[in-house]
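Worksheet for the structure shown next.
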Amino acid sequence: MGFTQVGFIDIEYDNLQLLEQCHIIYINGGNPFYLLYQIKKSRTDIILRDFACRGNMIIGVSAGAVVLGPNNEIVHFFTPEMNSIKLQDFKALGLTNKIIFPHYDREDLFLNSEGKSIEDRLQEYESLHRIPT
């Protein structure tokens with residue numbers, strides 16, 4: 001793709017001004033609650049919104065994709081135990097209005113005591129939150 005330099009910036013510890021020198025930002029996965037918490041705490045949300053408004057590309061993978069959307073509610077619906085930091089405000093960056101549910105094909109990650117499939121629970125989530133299908 002022609003990249004001559006790739007860097008890693010940890011928003012919890014590094015100088016966030018380095019983000020302003022990027023041409024593309026790639027947000028990795030992990031715990032979506034902790035990631036969203038750190039994005040807000042470090043004020044990276046402001047930098048990312050400005051970066052996107054200038055027409056730059058932001059790529060999110062797994063939890064990184066979730067936080068680019070409107071909120072983390074779908075993650076809480078499927079795996080509330082991941083919210084070990086007890087995050088209360090699930091509002092995410094809102095850089096897309098699409099709700100991303102990563103790992104849709106991994107029933108083993110989202111076991112359900114009632115025997116419902118991921119698809120069944122997604123339909124339940126959409127109905128509960130009045131999301132048009």
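The values are calculated or read from the model by the stated rules, or taken from the named source; none is laboratory data. Just so it is clear, the model here is predicted, and its values are computed rather than measured. So basically every Cβ, Gly included, is an ideal-geometry build from the backbone, and we count neighbours across all protein chains shown. The area values use the complete protein model at the heavy-atom level, side chains included, leaving out ligands, DNA and RNA. Shrake-Rupley method; radii C 1.70, N 1.55, O 1.52, S 1.80 Å.
The numbered conditions (1) in a loop (DSSP other than H, G, I, E, B); (2) open to solvent by 70 Å² or more (accessible area, probe 1.4 Å) are all true for residue 14 except (2).
Residue by residue, here is whether (1) open to solvent by less than 100 Å² (accessible area, probe 1.4 Å); (2) among the charged types (D, E, K, R) holds:
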{"site": "90", "(1), (2)": "yes, no"}
{"site": "98", "(1), (2)": "no, yes"}
{"site": "103", "(1), (2)": "yes, no"}
{"site": "107", "(1), (2)": "yes, yes"}
{"site": "111", "(1), (2)": "no, no"}
{"site": "114", "(1), (2)": "no, yes"}
{"site": "124", "(1), (2)": "yes, yes"}
{"site": "128", "(1), (2)": "no, no"}
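Give me the residue from segment 75-88 that is without any contact (Cβ under 8 Å) to a residue 12 or more places away in the chain and either over 20 Å from residue 108 (Cβ atoms) or in a strand (DSSP E or B) (or both) and, out of that set, least open to solvent (accessible area, probe 1.4 Å). Selected residue: 86. Within segment 18-36, residues that are on the phi > 0 side of the Ramachandran plot sit with their Cβ atoms under 9 Å from residues that are surrounded by fewer than 18 Cβ atoms within 10 Å (Cβ to Cβ) and assigned to a loop (DSSP other than H, G, I, E, B), at 6+ positions apart or across chains, in these pairs: 30/62. Can you pull out the residues in segment 39-58 that are open to solvent by less than 10 Å² (accessible area, probe 1.4 Å) and not aliphatic (A, V, I, L, M)? 44, 51, listed by residue number. Please determine whether any residue of segment 59-74 is open to solvent by 60 Å² or more (accessible area, probe 1.4 Å), assigned to a loop (DSSP other than H, G, I, E, B) and at positive phi. No, there is no match, as no residue in segment 59-74 is open to solvent by 60 Å² or more (accessible area, probe 1.4 Å), assigned to a loop (DSSP other than H, G, I, E, B) and at positive phi.
Answer yes or no: is there a residue in segment 19-28 that is modelled with pLDDT of 95 or more, in a loop (DSSP other than H, G, I, E, B) and over 15 Å from the mean Cα position of the chain (by Cα). The answer is no; no qualifying residue exists.
The residue pairs whose first member lies in segment 98-127 and is farther than 21 Å from residue 31 by Cβ and without any contact (Cβ under 8 Å) to a residue 24 or more places away in the chain, whose second member is open to solvent by 50 Å² or more (accessible area, probe 1.4 Å) and assigned to a loop (DSSP other than H, G, I, E, B), and whose beta carbons are closer than 6 Å, counting only pairs six or more residues apart or on different chains, are 126/133. Could you tell me whether any residue of segment 41-50 is within 30 Å of residue 21 (Cβ to Cβ) and part of a loop (DSSP other than H, G, I, E, B)? The answer is yes; a qualifying residue exists.
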